[in-house]
1. Is there a residue in the stretch 198-208 that is at pLDDT 90 or above, farther than 23 Å from Leu85 by Cβ, among the small types (Gly, Ala, Ser) and surrounded by fewer than 19 Cβ atoms within 10 Å (Cβ to Cβ)?
2. Quick one: would you say Leu102 is without any contact (Cβ under 8 Å) to a residue 40 or more places away in the chain, within 16 Å of the chain's Cα centre (by Cα) and either farther than 25 Å from Arg188 by Cβ or surrounded by fewer than 18 Cβ atoms within 10 Å (Cβ to Cβ) (or both)?
3. Exactly one condition in (1) under 27 Å from Tyr69 (Cβ atoms); (2) surrounded by fewer than 19 Cβ atoms within 10 Å (Cβ to Cβ) is false for Thr164; which is it?
4. Can you name the residue in the stretch 120-161 that is crowded, with 16+ Cβ neighbours inside 10 Å and among the charged types (D, E, K, R) and is also farthest from Asn87 (Cα to Cα) among such residues?
5. Considering each residue of the stretch 93-110, count those that are under 20 Å from His61 (Cα atoms) and aliphatic (A, V, I, L, M), and give that number.
6. Any idea which residue in the stretch 167-178 is farthest from Tyr92 (Cα to Cα), counting only those that are among the aliphatic types (A, V, I, L, M) and either at pLDDT below 90 or surrounded by 14 or more Cβ atoms within 10 Å (Cβ to Cβ) (or both)?
7. Out of (1) out of contact with any helix residue (DSSP H, G or I) (no Cβ under 6 Å at 6 or more places or on another chain); (2) modelled with pLDDT of 90 or more, what's the single condition that is false for Gln62?
8. Could you list, in sequence order, all residues of the stretch 187-197 that are of a type in the set (A, V, I, L, M, F, W, C) and surrounded by fewer than 14 Cβ atoms within 10 Å (Cβ to Cβ)?
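The values are calculated or read from the model by the stated rules, or taken from the named source; none is laboratory data. Note that this is a predicted model, so its numbers are computed, not measured. A quick note on method: Cβ atoms are made from the backbone with ideal geometry, for glycine too, and the neighbour counts reach across all protein chains shown.
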Amino acid sequence: MIRLFTQIHPLKAGPRRSMIMSVREEIKACRNVANHAEDRYVCLGRKGEGMNRLLRDLYYHQAWADAEYYKALESSPSALGDALLRNRLHHYHYTQHAFLWLAEATGKPFRRTNVEDFKTIAELKEYARDFNTAASRFLNEVPGERLQETIAIPWAPEHSQPITVELALTQAAMHSHHHRAQIAVRFRELGGAPPAGDFIMWLWKGRPEPDWGRY
């Protein structure tokens, strides 16, 4: 179903530099009052007090893990030119954007992309970073009651039951975990060494913020 959805509804990336800067400024401000990773939730979560803590953790981890994978991929010449890797990266970032678009429900048209729109791994990294920045903003601001509203997934099988926004976002995070594992396997086949990007590794490291390198 996801493959069919990708063929019918490709997402178009757009620059969100101003949003990225505002998120960075908010995080920096929170650092000034909360030096410990645990305390940042009090600051960053002040608008989303009804937010599921585990869901927020999954998305903060996802941003960190995505950034770690791109650092590894960018250091491998064999990965940079691999079409299968690029297809898998685009597919899972595309799906991330799709679920966020459904959750935000802004009324704006669904923006489409194809893998051919991204000529380099660096361009795909920007696409991933664009999503993770927007997702962070959404999760920090969404009212708790919005997360409990039901949502219909357009690509779900016929007669599927509606699910909550919270569960849809959980599915999106799990889908990303699945595809990062596939990317790790492919990266090994190309002679690379995938990063240790597991959720528990992120916890052990103290919930670090993503390091995307130069933007």
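1. Yes, that holds for at least one residue.
2. No, not satisfied.
3. (1) is the only condition that Thr164 fails.
4. Arg146
5. 3
6. Once the filter is applied, the top-ranked residue is Leu167.
7. Single failed check for Gln62: (1).
8. Within the stretch 187-197, Ala193, Ala196 meet the criteria.
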